[in-house]
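Structure, as structure tokens:
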Amino acid sequence: MHAKRVLQEINGLIDATSSTSMPLCGKITLGVIPTVGPFLLPTVLAKLRKSFPELKVFLRESQTAALLEDLTTGRIDAALLALPYPINDMKKVELFDDLFYLACLPDHPLANRKPLKVQHLTTQPLLLLEEGHCLRQHALSACKLKGADYGVPYQCTSLSTLIQMVANGIGVTLVPEMGVKSGLLAKTGLISRAFNDKNVKRTIGMVWRPSSSKQKDLELLAEFIKKNAQK
């Protein structure tokens, strides 16, 4: 832990040498998890370029644990993650909530169930991402499901593969609202259904080193994403 703290302080000094007086001007290396980046960044980055043309954003996509390690070692300046997740002493800003939707075929027994409750999932084969993807644990936690409550016939490495499995009638899955709005289910033949419980969600947040000299820029970036992510 002492070595990591020293490394963070060194990275703070390195940041300081490249800081500028203009807001959101220069370079920011931003990490993002695979279940957020494809849905959030295209729209947000386009608006960001228009508002702050002097800012260069470099992206690194990886799973949460790897991004937090990259933050500690200074390979990235900040990361967009799904919360809750243990982030140790990193600074955190919660941006917005992202609901989970049921994705299934139109003729599935749950397709027209009203109201749709998370308890209904216990009678269905539920397809999930494999261990290591935080979307898996967030979905299970949001639905208050434990290992004995559901059957997982297959585990997938990506959301797109997961969707194709469901489209082939193998089971149902949970998809984030940002994915639904971005057209994740388009041309798959699947439909999405909201749960009656609005606490079936994850929270999208941005984290960075508290020692970073880019504090003001990162706070501005977080606020910009918060304002523009769901418009």
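Scanning segment 94-108 for residues that are without any contact (Cβ under 8 Å) to a residue 24 or more places away in the chain and more than 17 Å from the chain's Cα centre (by Cα) turns up at least one hit.
Going by what's in this entry, would T35 be described as closer than 12 Å to C134 by Cβ, in contact with a helix residue (DSSP H, G or I) (Cβ under 7 Å, 6 or more places away or on another chain), of a type in the set (V, I, T) and not in a strand (DSSP E or B)?
Working: closer than 12 Å to C134 by Cβ: yes; in contact with a helix residue (DSSP H, G or I) (Cβ under 7 Å, 6 or more places away or on another chain): yes; of a type in the set (V, I, T): yes; not in a strand (DSSP E or B): yes.
Answer is yes for this residue.
Of all positions in segment 131-152, at least one carries a residue that is among the aromatic types (F, W, Y), at pLDDT below 90 and surrounded by 15 or more Cβ atoms within 10 Å (Cβ to Cβ). Under 7 Å between Cβ atoms, which residue pairs at least 6 apart in sequence (or on different chains) link something in segment 25-41 that is of a type in the set (K, R) with a partner that is surrounded by fewer than 17 Cβ atoms within 10 Å (Cβ to Cβ)? These pairs meet every condition: K27/K56; K27/F58.
Checking segment 186-203 against the condition returns a match, with at least one residue being buried (at least 23 other Cβ atoms within 10 Å of the Cβ), closer than 30 Å to I28 by Cβ and in contact (Cβ under 8 Å) with a residue 60 or more places away in the chain. For beta carbons closer than 6 Å, sequence separation of 6+ or different chains, a first residue in segment 47-70 that is farther than 20 Å from G26 by Cα and in contact (Cβ under 8 Å) with a residue 24 or more places away in the chain and a second that is of a type in the set (S, T, Y) and outside any helix (DSSP H, G or I), the qualifying pairs are T64/Y85. A single entry from G132, G179, G189 fulfils the requirement of being part of a loop (DSSP other than H, G, I, E, B), under 17 Å from the mean Cα position of the chain (by Cα) and not assigned by TED's automatic domain parsing to the domain that holds T35: G132.
The values are calculated or read from the model by the stated rules, or taken from the named source; none is laboratory data. Small disclaimer: the values here were computed from a predicted structure and weren't measured. When we count neighbours, we look across all protein chains shown, and the Cβ atoms used for this are built from the backbone with ideal geometry, even at glycine.
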